[in-house]
1. Checking the condition open to solvent by 20 Å² or more (accessible area, probe 1.4 Å) and touching a Phe, Trp or Tyr at 6+ places or on another chain (Cβ under 6 Å), which residue from GLU81, GLU85, GLU107 passes?
2. Considering each residue of region 149-162, count those that are over 13 Å from THR237 (Cβ atoms) and assigned to a strand (DSSP E or B), and give that number.
3. For region 156-173, enumerate the residues that are surrounded by 23 or more Cβ atoms within 10 Å (Cβ to Cβ) and in contact with a Lys or Arg (Cβ under 8 Å, 6 or more places away or on another chain).
4. When only residues in region 174-218 that are open to solvent by 50 Å² or more (accessible area, probe 1.4 Å), free of Cβ contacts under 8 Å to residues at least 40 places away in the same chain and assigned to a helix (DSSP H, G or I) count, which is nearest to ALA46 (Cα to Cα)?
Amino acid sequence: MNFIWVWHAKMLKRYMIIGIAAFFTAGILYVESPLLPVFSPEGEPAAIHRVNAERPELALTFDISWGEEQLNPILDILAEENVDEATFFVSAAWAERHPELLNKITEAGYEIGSHGYRHEHYTRWEEEAIKKDIQKAHQILSELTEEAPQLLRPPNGSFDERVLNVAESLNYDVIHWSIHSHDWENPGVEAIVENTTTNVENGDILLFHASDSAKQTAEALPIALDKLKKEGFSFVTVSQLLTGAEVKAEEIN
């Protein structure tokens with residue numbers, strides 16, 4: 001049985017749990033990775049995959065870990081679509097190789113989150129290695145952007161209780177997603193649009209990729225954005241979505 005806990009988000013850095021509001025039966029959350037996300041019990045760190053939002057706002061997020069060809073078209077589309085708020089989870093190793101591209105993201109005013117340094121599954125590492133990778137990424141991204149990231153999306157989206165505990169000890173909030181484009185699989189433009197515009201609710205966190213492996217994202221993105229805007233949704237950063245909202249987490253057994 002799965003249980004859903006509702007958390008109250010305070011400020012941008014930390015979100016303190018205020019108690020279990022109710023227990024509901026929920027379906028298992030499926031993700032691209034064979035590793036299902038593990039959410040901790042009450043009082044323990046948890047990953048955030050959506051919020052309970054009254055306003056029709058969505059957090060638009062992009063992961064990038066390699067390549068230099070797909071980012072510019074995506075940034076151009078966001079500008080053309082007047083999307084001023086989005087969050088890019090950036091691999092620090094990629095940022096080291098492409099500081100000029102990282103600068104384009106920050107110059108456009110988009111939020112930078114950490115995607116770690118080495119793009120490998122943290123769940124396969126010892127805790128000390130996880131800590132060192134997050135710290136190394138933190139130092140690099142802080143130096144390159146002149147602002148310390150506060151949000152972490154672990155590489156490959158894989159995490160467990162150990163990863164959550166390490167992230168909390170380093171003052172990071174782990175951000176997952178509730179709507180997955182599956183664009184990295186290149187399933188076709190229509191499929192990406194369908195994946196990101198079906199059963200979308202206020203407070204969802206949408207996952208796209210800006211790495212070169214996602215070759216159809218730039219073509220699908222304007223279609224999906226237009227459809228979501230016609231349905232009344234607007235786009236904010238993850239931090240904006242979390243501020244003053246109730247954060248929803250699930251335990252998956």
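1. Numbers: GLU81 fails: touching a Phe, Trp or Tyr at 6+ places or on another chain (Cβ under 6 Å); GLU107 fails: touching a Phe, Trp or Tyr at 6+ places or on another chain (Cβ under 6 Å).
Testing whether each residue is open to solvent by 20 Å² or more (accessible area, probe 1.4 Å) and touching a Phe, Trp or Tyr at 6+ places or on another chain (Cβ under 6 Å) leaves just GLU85.
2. So the answer is 1.
3. Within region 156-173, VAL166, ASP173 qualify.
4. Of everything passing the filter in region 174-218, ASN195 is nearest to ALA46 (Cα to Cα).
Residue-wise test of (1) at pLDDT below 95; (2) of a type outside the set (Val, Ile, Thr).
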| position | (1), (2) |
| --- | --- |
| VAL6 | yes, no |
| ILE28 | yes, no |
| SER40 | yes, yes |
| ASP63 | no, yes |
| GLU69 | no, yes |
| PRO73 | no, yes |
| ILE77 | no, no |
| ALA93 | no, yes |
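The values are calculated or read from the model by the stated rules, or taken from the named source; none is laboratory data. These figures come from a predicted structure and were not determined experimentally. Heads up, the Cβs are rebuilt from the backbone with ideal geometry, glycines too, and the neighbour counts pull from every protein chain shown. Ligands, DNA and RNA are excluded from the accessible area calculation, which covers all protein heavy atoms including side chains. Shrake-Rupley method; radii C 1.70, N 1.55, O 1.52, S 1.80 Å.
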